Amino acid sequence: GGVADAYEIRIRCKDGSIRYVLISGAPVYDNFGKVIGSIGIHHDITVQKHEQMLRENLLSELDFSHKRLQRKQENLRIIYDFASSLLNKKSVSEVFKHVSASLVGKLGFVDCIIYHFNPKTNALEGDPSFMRDVDSVDTGLTPLISIPLGVGITGNAALNRKIEWVPDTALDSRY
C-alpha cells in the first residue's frame, strides 16, 4: 500500500530563478482497500521560504549582536571596576603596580611592564618591578628600562601612536 507524504524541493526555473515547492501526495484506494492511484499537490512556497530564511538570518544576527553586547558589557564592567579601584591610589607608582597586579592578571597575561613617556629623554621608561610576578626588583625612582621612540615593537607603537597586536614577538624583526 501507499503512504501519504509531503516534502519540500528547490527547483531552478528555465529563466534561472529559484523556486521552492511543497509536494504532497497520498494514495487513492478503491472500496476493497486496494491502491488504484494517487493524488498530489504541488504548492509554490517560495515566498514563505524566503520569509523563513529572512527570519532565521535575523535571529542569527540578533543572537550575534546579543553576544557582542554581552562581551561589551563585561568589558565595561571590568573597566568600571578597575577605574573605581584606582580612586584610592596616591601615586603613579601605586597605579602601575595595581595595573600589573590586577588588570593584567584578569586578562591572562604572564607579565607586564608599564611604560611612561619621558619628554626629556624622548623615550619610554618602564620599571619591571611592576611585573605581576616580580617582587624582588628595586623600585627606586630611576626607571630600569628605557626604550627610545621608534625602537623595537614598543617604541614603534609609541612613535606611531597605534596599538599593535604581535602574536609571536619572536617572529617580528623589531624584537
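The values are calculated or read from the model by the stated rules, or taken from the named source; none is laboratory data. This structure is a prediction, so every number in the text was calculated from the model and none was measured. Methodologically, a virtual Cβ is constructed for each residue, glycine included, from the backbone with ideal geometry; neighbour enumeration extends over all protein chains shown. Keep in mind that these areas ignore ligands, DNA and RNA; they rest on the heavy atoms of the full protein, side chains included. Shrake-Rupley method; radii C 1.70, N 1.55, O 1.52, S 1.80 Å.
If you check Leu76, Leu54, which single one turns out to be surrounded by 10 or more Cβ atoms within 10 Å (Cβ to Cβ), of a type outside the set (Asp, Glu) and over 30 Å from Leu107 (Cα atoms)?
Every option except Leu54 fails the conditions.
For residues in the stretch 86-127 being charged (D, E, K, R) and surrounded by 15 or more Cβ atoms within 10 Å (Cβ to Cβ), which is modelled with the highest pLDDT?
Glu125
Please go through the stretch 154-175 and pick out each residue that is assigned to a helix (DSSP H, G or I) and either among the small types (Gly, Ala, Ser) or farther than 19 Å from Cys112 by Cβ (or both).
Listed by number, the residues that qualify are Gly155, Ala157, Ala158, Leu159, Asn160, Ala170, Leu171.
For the stretch 15-23, does any single residue satisfy the condition of being open to solvent by 100 Å² or more (accessible area, probe 1.4 Å) and either assigned to a helix (DSSP H, G or I) or among the acidic types (Asp, Glu) (or both)?
yes
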